[in-house]
Amino acid sequence: MIAALDQPYWRYVLELAMVVPASVLCLVPLRKSYAVPPLLVALVALAEEAVVVFFGAIVGLQQQLPSALILAMSVVLFFPSLMLAVQISLPKLLFCFGNAIMLSVYVNLLTTIISAPWEQDDLLTFSPRSSLLCLLFAFFLCVLFFRMLYTQMTDLFYERQLDTLWLWSIPVMTAVTVLFLWHIPLSASLAGDSELRSRLLVTLLLFPFILLVLFRLLWRFSRRLHAEADLAQENSLLQMESKRFASLSRYLNETRALRHDFRQHLRVLSGLAQSGKTEELAEYLASLEDVPVLVRYSANPTVDALIAYYAALAENQATHIDWALELPEELNMRTTDFCAILGNLVENALQAVEKLPEERRRVQVVARMLSDRMLGISVENPYTGKIRLRSDGLPAVRRTNHGVGLPSVAATVKRYGGTMDLDVSGGVFRVSILMYPNLPPAKAADTAVPEVPTPASAPEADPASEKINSTL
């Protein structure tokens, strides 16, 4: 078996197989950004890997090309197709791609140093033993980084405060990759210099764990940013409530004065009517039209303050919002969570209709308790242009700081065991949400940041979607 693998063609195949773990490291953190079905992404990736491995081995053997050069040329094949397969900002895409390349080059350098004593200074390919060792290291890195790439990294991409970080990480990863490449040709001298080889081995063996610690620190930093964002949101809601309370106080004072003067107005109106002075009567009635009116949208004061804020914002941009709210005074969920969901949806809708002609600027907002433990929310608005949904049902966007609100909404809805459906047909963008609030009113009003447990059993997605669409 080893003798068969020692053939030049199979030595190329073994070394070019490094594209497989490299693809895993690149594609896993992008799993929520696919613009096409994940199965199609996997099939295309496997096809491209097969071309690089088997066809690349033939070309390398015929032209006597180093396998490292063939692997570098495969970037031309992978990157354009990757850009078509995902919808994410370019810095984040380059980060995933650069991270996979950096770790692959690292594995190549580590294998070169370890296998230096038994290699024969073949600059084209490793020996079969070295190639298998290289693949083993690469798949070990896949296992080591998988949880971080699969869960934490995908969530980090939604932290808008970190957008600049992805841009600055690209030159850093490029510099580290170049440093690794610079040391690979030194393998011939490493076999004879055991002290230098030992130092490099210790440094290289520590590298993935140092990188993992850095990612972990970044994750904890993002959680702190998230907590600060929650606090800022709560402060914003408090400010809205304060303004709403001030408006309510002014309304009460004005209506109190009106009630005091009401008898005098009646006497004047009665006198004008008895005298037949209809013109003066009409003028006096017109002067009384400026009676203060305070619109109440919801029984919950915090929600009412939020809605009043967006109602004023809509009025300023000449947008009409149809509010249909049937909410109790106490919600069975954190008020800040509900306000974050509703605020994100309404803000997105207002931004979408802002560019439309004034007569088309209409937003419909529905929120009501469908049962004691089922909350439904629906927001729809017209839009211009094209919207393409990703495989996870969220809009596919490339621009930085854009499209962050809906992933945040989806994450909150998921915490409550709910479902969120998006529909972009007929030039209307519709968001339909079903949630299952499960906190007692006393805890729901609390503004702390506890984790909300997901119900053990929630209704299936399809019946829930049908119910909210038909009920709301």
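Structure summary
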{"read-out": "Rg/Rh (Cα only; Kirkwood hydrodynamic radius) as it applies to the stretch 2-192", "value": "0.98"}
{"read-out": "Under Karplus coefficients 6.51, -1.76 and 1.60, residue-wise ³J(HN,Hα) of the stretch 96-104 in Hz, glycine/proline x", "value": "4, 5, x, 5, 5, 5, 4, 5, 5"}
{"read-out": "Long-range HN-HN contacts of VAL86 with modeled amide H, under 5 Å", "value": "ALA35"}
{"read-out": "Sequence-distant residues sharing a close amide H with MET18 (under 5 Å, placed H)", "value": "none"}
{"read-out": "Cα shape, the stretch 14-99, gyration tensor, a/c 1.5 rule", "value": "prolate"}
{"read-out": "Long-range amide H partners of ALA299 with built H, under 5 Å", "value": "LEU327"}
{"read-out": "Protection-proxy order for peptides 373-386, 21-34, each taking the mean of Cβ atoms within 10 Å per residue, highest first", "value": "21-34, 373-386"}
{"read-out": "Cβ charges +1 (Lys, Arg) and -1 (Asp, Glu), total dipole of the stretch 2-192, debye", "value": "420 debye"}
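Computed from the coordinates by the stated procedures, all read-outs in this text should not be read as laboratory data. In this text the structure is predicted, and so the values were computed from the model without any measurement. Here Cβ is always computed from backbone atoms with ideal geometry, including for glycine, and neighbour counts include all displayed protein chains.
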